[in-house]
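Throughout, read-outs are computed from the coordinates displayed, never taken from laboratory work. Bear in mind the structure is a predicted one, so any value in this text is a computation, not a measurement. Using ideal geometry, Cβ is built from the backbone for each residue, glycine included, and neighbour counts are taken over all protein chains shown.
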Amino acid sequence: MRKLLNFNKNWIFENSEVCLPHNAIELPFNYFDEKTYQREFIYEKIIIPNSTWDNKEISVVFEAVMANTQVFLNNKKIVSHTDGYSPFIARLTDELKKGENILKVKIDGSENPSIPPFGGRIDYLTYAGIYRDVHLRITSPILIQNIKIETPNVLNEKKSVKVNVNLFNPKKITLSGLLIAKLKDTEGKILSTSKFKITRDEICFEIDKLENIKLWDIDNPVLYTLDIRVETPYGIDNLSERFGFRSAEFTKEGFFLNGNPLKIRGLNRHQSFPYVGYALGKSAQYKDAEILKYDLRVNLVRTSHYPQSKHFLNRCDEIGLLVFEEIAGWQHIGDKEWQNKSIENVQNMIERDWNHPSIILWGVRINESPDNHEFYLRTNQMAHRLDGTRQTGGVRKFIEGEFIEDVFTMNDFILGEEELNGNRGRIPLRSQRECTGLSYDVPYMVTEFNGHMFPTKSIDNELRQNEHVLRHLQVLNAAYGDSKNAGAIGWCAFDYNTHKDFGSGDRICYHGVMDMFREPKFASYVYSSQDHAKNGIVLEPVTVWARGERNIQGVLPLIILTNCDYVEFQFNDSEERFSIYPDFKNFSNLPHPPIIVDTEHFPGNVFGTWGTDWPNVTISGFINRKLAISRRFIADPVPTNLEIIPDLEEVSIGADVRVIIRALDQVGNKMRYLNETITVNLSGPSIIFGPNSIPLRAGSAGFWIRSLGIGKIKISIISNLFAQKEVSIIVK
């Protein structure tokens with residue numbers, strides 16, 4: 001039977017023992033030189049075979065290494081791999097000897113112009129290191145290489161599954177034996193068992209007449225499992241794949257999931273984190289998917305601009321988050337050799353991920369690159385040959401680009417380019433025909449907006465936060481109002497580190513609706529407020545509630561992001577209340593328009609003027625005329641409580657856990673302008689990534705820790721303003 005063993009521990013890197021995933025250079029939060037990791041690095045590990053490995057296939061599976069990689073066993077090169085985002089296998093079988101074997105992984109972190117995404121300037125970093133998991137794979141000499149599962153007729157009452165199983169037979173042994181396929185439901189109940197004789201290295205079959213099958217949907221992401229067992233005279237191999245029954249189609253009338261229209265409301269995601277770059281594992285990848293689904297409440301994420309962790313995609317499958325996945329690159333197309341590598345990247349991406357029901361679109365064009373007819377014919381042909389069930393998209397930022405793909409995907413940054421609009425004024429989005437240059441409608445989706453057009457830091461003043469919020473609201477409103485537009489994907493979910501040529505001069509692009517620690521900016525509530533209140537009530541006034549924060553004075557006009565029916569204001573515990581309703585006039589297309597409060601909503605000047613007392617306020621949200629939520633803001637906030645929130649309280653060894661620290665006032669609001677440094681003390685089997693003395697940024701701080709062994713991890717937070725606080729995480 002197949003064994004897949006965790007191979008992350010006991011690697012030697014620059015004379016120290018490290019655990020994977022690993023970033024070759026731990027970077028500061030900002031203001032650093034990215035050239036520090038653009039050099040050669042070597043990882044080594046000792047392998048000692050045992051007798052159970054006899055007559056077995058032995059391989060090391062690398063989920064991803066950045067970047068240009070060569071693997072040696074006892075100084076003999078085993079394999080080379082250039083793509084920093086796809087898995088590869090180092091087959092050791094023929095080269096292992098008794099006793100100690102030295103496995104060496106040599107990586108080149110430089111931006112080699114012959115390898116995608118390099119050759120031009122890219123607005124993100126490609127951190128060197130073995131940054132994803134590594135496994136030792138022990139199998140029979142004939143093994144399953146991959147399984148491809150398709151569900152061609154999901155809208156029929158009786159459904160079917162088409163399966164391709166490819167075998168790997170490196171020793172060219174005569175093939176014989178039996179393949180057994182078992183289809184299981186979510187509870188493990190066997191729905192079907194099929195058996196086939198093995199006569200060749202590709203076995204194709206269909207399981208049909210399936211009844212009572214539930215569809216995978218964003219609200220009910222039902223997953224099924226196909227277990228494949230291969231029995232040959234030389235041993236047994238087994239592999240399982242999860243999949244879902246679902247249809248996904250972009251049409252000129254919008255996007256349809258399982259035949260039902262769905263307006264896409266999404267955000268782009270970079271897979272990077274502070275200090276460690278790409279090198280956080282399963283638990284952190286799971287958490288990012290959960291933040292997008294449950295905190296930001298989007299229904300789609302675009303994996304900009306490269307294939308991302310299988311753990312992230314697995315969690316998207318489990319929780320019902322749609323994915324638009326694309327190949328690596330940013331604006332630049334290299335020579336023929338470079339293009340051939342990019343074609344290979346298309347193949348690597350699709351063959352790794354073709355069974356994920358969450359993935360609804362393949363991105364087969366280098367993000368924002370110029371037209372290249374021959375090259376993009378090849379990328380599309382490769383995608384269609386490998387997967388006939390999904391459409392292709394090609395993300396561009398200029399109008400009237402050649403339309404080769406199935407879906408015209410467009411980065412529309414017209415909001416912020418008012419000088420290009422002539423007398424048309426402020427335009428949130430252009431019409432699709434203006435962007436495509438065609439005289440007819442096609443499947444169409446906006447894949448980026450805002451972002452670099454209006455970068456906003458968590459600590460920026462309230463007026464800028466207001467404008468940031470308005471821009472996201474206006475674009476989403478325009479997308480919802482256009483039935484021909486499948487939807488819009490904002491740039492972007494999280495701030496991210498970048499090259500010196502981009503960002504704010506400190507190696508950070510502050511384009512996110514959350515910061516790099518995944519703490520929300522006000523604009524994040526634009527997205528969450530569009531979700532139904534049954535999934536959680538949102539009430540977020542875009543203010544710190546201070547008279548002198550804005551130009552001139554006061555907090556009006558005040559944007560309130562909410563999915564409530566209306567709100568009530570109550571000042572200083574007065575019995576008088578003011579009811580205010582959503583702005584349907586200016587945001588009529590949104591599921592939940594914002595409430596915009598101005599002087600017209602109050603008789604007289606209830607706020608007072610400069611030099612008079614500033615009031616406390618309670619803002620209450622109502623649904624179906626019943627009180628659903630209340631928020632209280634006070635005139636004299638003082639530091640009162642330090643909140644410590646780990647993402648997980650029980651973990652396994654090797655888990656990466658985010659911990660968020662928030663400074664709160666006496667009524668529980670975050671103190672966004674509090675400048676304070678906190679110190680983190682850890683005890684127990686763990687390490688912290690980055691420094692243990694960190695500043696509060698916009699009232700919060702974050703860090704990740706990794707569990708290293710069984711026991712209790714105690715996290716103590718020390719500061720000058722607050723009493724020492726502690727929280728524990730149990731490692732089992």
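Values for this structure:
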quantity: Charge dipole magnitude, Cβ of K and R +1, D and E -1 - the chain, Cα centre, debye nearest 20; calculated: 1980 debye
quantity: Chain lengthening between Asn153 and Arg121 when straightened (0.36 nm per residue, less Cα-Cα); calculated: 7.1 nm
quantity: Farthest toward positive dipole pole in segment 608-732 [+1 Lys/Arg, -1 Asp/Glu at C-beta], among Gly702, Ala628, Asn720; calculated: Ala628
quantity: Relative contact order (percent, whole number), the chain, Cα cutoff 8 Å, 6+ residue spacing; calculated: 9 percent
quantity: Debye intensity ratio I(q)/I(0), log10, segment 465-521, q values 0.29 Å⁻¹ (C-alpha model); calculated: -1.09
quantity: Spin-label model distance (nm) - Ser588 vs Ile660, 7 Å beyond Cα toward Cβ; calculated: 3.7 nm
quantity: Shape category assigned to segment 507-560 from the gyration tensor of Cα positions, a/c cut at 1.5; calculated: oblate
quantity: Segments 265-271, 349-355, 645-651 sorted - mean Cβ within 10 Å per residue, highest first; calculated: 265-271, 349-355, 645-651
quantity: Within segment 213-237: backbone nitrogen closer than 18 Å to the Val61 label point (7 Å, Cα to C-beta); calculated: 225-231, 236-237
quantity: Förster radius 41 Å - calculated FRET efficiency between Lys171 and Asn372 (Cβ-Cβ, nearest 0.05); calculated: 0.50
quantity: Cα-based shape type of segment 234-281, given that a ≥ b ≥ c are square roots of the gyration tensor eigenvalues and the cut on a/c is 1.5; calculated: oblate
quantity: Cα-based helix-to-principal-axis angle, 462-480 vs the chain, degrees rounded to 10; calculated: 60 degrees
quantity: In order through segment 14-19: 3J(HN,Hα) via Karplus (6.51 cos²θ - 1.76 cosθ + 1.60), integer Hz, x for Gly, Pro; calculated: 6, 6, 10, 8, 10, 10
quantity: CD proxy at 222 nm, helix term only [per DSSP H run n ≥ 4: -39500 (n - 2.57); per residue of the chain; nearest 500]; calculated: -3500 deg cm²/dmol
quantity: Cα-Cα pairs of the chain separated by more than 51 Å (percent); calculated: 15 percent
quantity: Packing-based order for 50-61, 511-522, using average beta carbon neighbours within 10 Å, highest first; calculated: 511-522, 50-61
quantity: Gyration tensor verdict on segment 54-93 (Cα atoms; rounded if a/c is under 1.5, prolate if a/b is larger than b/c, oblate otherwise); calculated: oblate
quantity: Spatial separation of Cα centroids for segment 10-40 and segment 440-505, in angstrom; calculated: 32 Å
quantity: Selection from Tyr43, Leu155, Asn68 lying farthest towards where the dipole of the chain points positive, charges on Cβ; calculated: Tyr43
quantity: Relative contact order %, segment 289-365, counting alpha carbon pairs below 8 Å whose residues are six or more apart; calculated: 34 percent
quantity: In Hz, Karplus ³J(HN,Hα) per residue of segment 369-382 (6.51, -1.76, 1.60; θ = phi - 60°; x = Gly, Pro); calculated: 7, x, 4, 7, 4, 5, 4, 7, 4, 5, 5, 5, 4, 4
quantity: Label-to-label distance, nm, for residues given as Asp201 and Thr389 (7 Å Cα→Cβ offset); calculated: 2.4 nm
